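Below you'll find the structure I mean.
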């Protein structure tokens with residue numbers, strides 16, 4: 001499954017199941033922290049448990065959307081994308097601070 005995780009003014013396209021609120025927050029924290037220095041395994045920075053970041057994906061493939069409200073406004077482009085996938089019947093889960 002392919003979905004979008006939106007947090008603040010950032011977002012990621014992920015391959016994997018739709019995360020619940022707890023997992024969405026863990027994923028958000030995992031990929032929002034900048035890691036400096038050598039990495040033992042570069043694959044670890046691109047995947048976390050059952051999820052993998054996708055750099056190229058068609059919007060038609062998005063099957064889930066999770067928005068974690070927090071710092072920053074959602075960009076207009078991501079807002080438009082969320083509207084489009086919602087119109088296709090994709091449920092958008094929203095979690096507050």
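Of everything in region 56-69 that's assigned to a loop (DSSP other than H, G, I, E, B) and modelled with pLDDT of 90 or more, which residue is surrounded by the most Cβ atoms within 10 Å (Cβ to Cβ)?
Step by step, filter region 56-69, then rank; the result is 57.
Moving on. Taking residue 31 as meeting all but one of (1) modelled with pLDDT of 90 or more; (2) farther than 17 Å from residue 93 by Cβ; (3) surrounded by 11 or more Cβ atoms within 10 Å (Cβ to Cβ), write down the number of the exception.
Exception for residue 31: condition (1).
Can you tell which of 89, 72, 37 is surrounded by fewer than 16 Cβ atoms within 10 Å (Cβ to Cβ), at pLDDT 95 or above and part of a loop (DSSP other than H, G, I, E, B)?
Result: 89 is the single residue among 89, 72, 37 that is surrounded by fewer than 16 Cβ atoms within 10 Å (Cβ to Cβ), at pLDDT 95 or above and part of a loop (DSSP other than H, G, I, E, B).
Tell me which residues, restricted to region 1-24, are in a loop (DSSP other than H, G, I, E, B) and either in contact with a strand residue (DSSP E or B) (Cβ under 6 Å, 6 or more places away or on another chain) or surrounded by 19 or more Cβ atoms within 10 Å (Cβ to Cβ) (or both).
1, 16, 18, 19 - these are the residues of region 1-24 that are in a loop (DSSP other than H, G, I, E, B) and either in contact with a strand residue (DSSP E or B) (Cβ under 6 Å, 6 or more places away or on another chain) or surrounded by 19 or more Cβ atoms within 10 Å (Cβ to Cβ) (or both).
The values are calculated or read from the model by the stated rules, or taken from the named source; none is laboratory data. Because the structure is a prediction, the values reported are computed rather than measured. Virtual Cβ from ideal backbone geometry, glycine too; neighbours counted across all protein chains shown.
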